[in-house]
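The values are calculated or read from the model by the stated rules, or taken from the named source; none is laboratory data. All of these numbers come straight from a predicted model, not from anything done at the bench. In this analysis, Cβ positions are derived from the backbone assuming ideal geometry, glycine residues included, and neighbour counts consider all displayed protein chains.
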Amino acid sequence: MISRFLHRLIIAFVVFSFIGINEMNALHIIGGDVVYKCISTDTMRKEVRYEITFTMYRDSKSNGANFDDPANFGVYRGSGNNWNFVRTIAGIRVQEIRDIDIATNNPCVLVPVNVGVQSGRYVFQITLPIIDQNYLISFQRCCRNNTILNLVDPGGTGAAFTTEITADAQKTCNNSPTFNNFPPVVICVNRPINFNHSARDIDGDSLVYEFCAPLTAGGTDGATTPGSPTSCTGVTPSPQVCIPPYDEVTFLAPNFSFLRPMAGNPVVTINSQTGIIEGSPNILGQYVVGVCVKEYRNGKLIGTLRRDFQFNVTTCEVAVTADLKASAKTQSEYTVNSCGEFTIDFLNLSTDVRYIQNYYWEFDIKGKIETYSSRNVSVTFPGLGSYKATMILNKDLPALSECSDTATITVNVYPSINTDFEFAYDTCVAGPVVFKDKSNSGAGPIQKWMWKFDNEGVSQSQDPIFEFDKPGLKAVRLIAEDVNLCKDTLIQNVNYFPVPSLIIIEPNTFTGCQPANIFFDNLSTPIDETYKFEWQFGDGNTSNVLSPTNTYTETGTYTVMLKLISPIGCETTKTWPNLIKVVPSPVAGFSYTPETPDLFNNNVSFIDESSGAVAYLWKFDSLGGSLIQNPSFTFRDTGVFNIQQIVLHPSGCSDTASAMISIYPLVKFFMPNAFTPNNDGLNDEFIPKGSFVGLRNFNFTIWNRWGDRIFETDDYTIGWNGQRNNTGETASPGVYAYLIEYIDPLGEKKILKGQCTLLR
């Protein structure tokens, strides 16, 4: 049994924002209440012990912070406008954080996913001396949602949640009332509400209900400066500094007050005896509402329970919608047409099926009522004519009356329609196909035709003429419709394989240079790959493809012929006399010297080896060019260069030859056979001389006649100065052996050995 049927809910507000409050400090408060329970009384000490429970409600779908954890509470004594600070109850941890089931008074309301409420419970015990004054316990916090409609500056308005323990309550170990129900978060606009906001009192005291003004406390000061001291205008006011009485929130006059917190017609009120809130809110928005429960004992006020809360007035839609597959529909009026079929299947499209408890169908068949209770039904009608029917969702469910919906149905049983057509065309000659409609209907003449010629075109004419662009087996469809909107469809195939009335080909060139590669583009229509093709190119070569390429190796003039044969045997032939002309071409070619140029031998001579040329163009990569037959070029840098020779024949034909030339860096150096390290600026070092461009892995070693290594370096810019490792003892005059190893630019390892004489 489905206990609740839901309506689709469109929320007119989902974004809750705060002005001037740091997101890390912003707590989106939407309500709260404080209750107390007497634990025990110590008559000797004249003390009473209470358990205090503060329940706070917050918007769980906002970007605000979570509950304050821990929270601080203030304790005060006095009454009216005179209160004195007693103590701060600090470090109270939040307990029992839970998501609230956002139920509504209307069982057909679907709670949106972007609306959520969490409750957090703070519980602590406190022992208080029994005095002739009242105690007040409070929690203060900023702020509320900035989108609230009935308050002035709601984003800067905080909340003070209090409970007052009167002197009489202390003496009698009284317990405060507690609310029975969680208030409705979501209320449907322009729909009556009837919410029981009553409370219970375990002491049996009389309770009186009224709208009252919620209290405000705190502000936005210091919200954007973490670590700022709290104050009465801060996000978390100081209990010691910010003592009661607390200001009431400022309602947006004249439309709102604490007695009239929401707009409504009739106005929203609370029954003083039952606590039932009634009315019909008629303006979308968010509203803060305060409810006070006054506790009387023997006609004397002994305490007041206060709750303030945020109500959301939204637009609600019926979740259950009657719908079915129909020929036509207008709102809840449906028309179902049947053409030639007396048994009709009614397909139910009603939504949302999760919330539909029963289905009721009623058909009036010539004065006899037939009913059905299944979701989909099949009904056989006695003959042609018009019939009335009704489908009702959730019939006879008073508790769910708002979840009911009705569809009124008109059933028309018409004569059948028969679609037919014929066609005619010349099977071998490309041209139009003539179609003729032969459809008929028992209800009268056909009034609409819809032709579809395979995927090539459409027509709404009764007898169209259509020419296909492409050959093939063409599926032609005709949908015919009569005056009763009855339709029938027929598909027939047209075997369309004619030969073109005109064969058209387009060579990529009519004059080619020997050897000439000529592409023949076959532009004839209608043809495709299913046709046979017999090409003759005039040079003895043939082809059987749609658009071939032929290579003419000899000069001359050539006649081209093409025969087309369709898949059904139709054929046609076309000849193009002297269509292609092939003229002589030169043959490019060259050599160069030296074969392995380098930076020391970088002037390269190019020798023309072409034939049939009368003009020349040389391109030396991007470095320059020449128009002479045998040019030379000096390369100023190493690298790999693309050399091109383009030659021209008197016929206008050209040819190109190319080669890649590498200019290598060259390592060339020599070693002196003697040196004199006497600091005269001449031959003071034994060091290599020459070009070292491209040299890698250099190593230079010197030994004395006894095989001792006295010098070594991997830097070719450093020579031997005649001292051991250039810093030690002075070497004696004489002959020394050296070894030089390195990798040249071509990657080859080179070794140089020799002797030098040290003279002093």
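Quick notes
- Residues satisfying the stated conditions in region 329-347, i.e. aromatic (F, W, Y) and part of a loop (DSSP other than H, G, I, E, B): F342
- Among the residues of region 364-371, none qualifies, meaning not one is under 47 Å from the mean Cα position of the chain (by Cα) and of a type outside the set (A, V, I, L, M).
- Pick from region 192-242, criterion assigned to a loop (DSSP other than H, G, I, E, B) and closer than 30 Å to C316 by Cα, ranking: modelled with the lowest pLDDT: P192
- Residue within region 266-273 that is free of Cβ contacts under 8 Å to residues at least 60 places away in the same chain and not polar (S, T, N, Q) present: yes
- Selection count where residues are under 18 Å from N495 (Cβ atoms), under 42 Å from the mean Cα position of the chain (by Cα) and of a type in the set (A, V, I, L, M), scope region 435-475: 1
- For region 740-757, the candidate set comprises residues that are of a type in the set (A, V, I, L, M, F, W, C) and under 60 Å from the mean Cα position of the chain (by Cα); within that set, the residue that is nearest to P665 (Cα to Cα) is L746.
- Segments classed as strands (runs of 3 or more DSSP E), wholly inside region 396-480, with at least 1 members that are farther than 30 Å from S373 by Cα: 421-424, 433-437, 446-453, 457-459
- Checked against (1) more than 49 Å from the chain's Cα centre (by Cα); (2) assigned to a strand (DSSP E or B), I491 passes all but a single condition, namely (1).
- The conditions of being closer than 30 Å to N601 by Cα and surrounded by 12 or more Cβ atoms within 10 Å (Cβ to Cβ) are met by D744.
- On the stretch given as region 497-524, residues that are farther than 22 Å from C653 by Cα and either touching a Pro at 6+ places or on another chain (Cβ under 6 Å) or free of Cβ contacts under 8 Å to residues at least 40 places away in the same chain (or both) total 6.
- Looking only at residues in region 350-364 that are in contact with a strand residue (DSSP E or B) (Cβ under 6 Å, 6 or more places away or on another chain) and either charged (D, E, K, R) or modelled with pLDDT of 95 or more (or both), the one that is farthest from K325 (Cα to Cα) is D364.
- Residues within region 519-532 that are among the charged types (D, E, K, R) and either within 13 Å of E571 (Cα to Cα) or assigned to a strand (DSSP E or B) (or both), tallied: 2
- Residue list for region 293-322, filter: touching an Asp or Glu at 6+ places or on another chain (Cβ under 9 Å) and more than 30 Å from G204 (Cα to Cα): V318, A319, V320, T321, A322
- Some residue of region 546-563 being within 60 Å of the chain's Cα centre (by Cα) and in contact (Cβ under 8 Å) with a residue 60 or more places away in the chain: no
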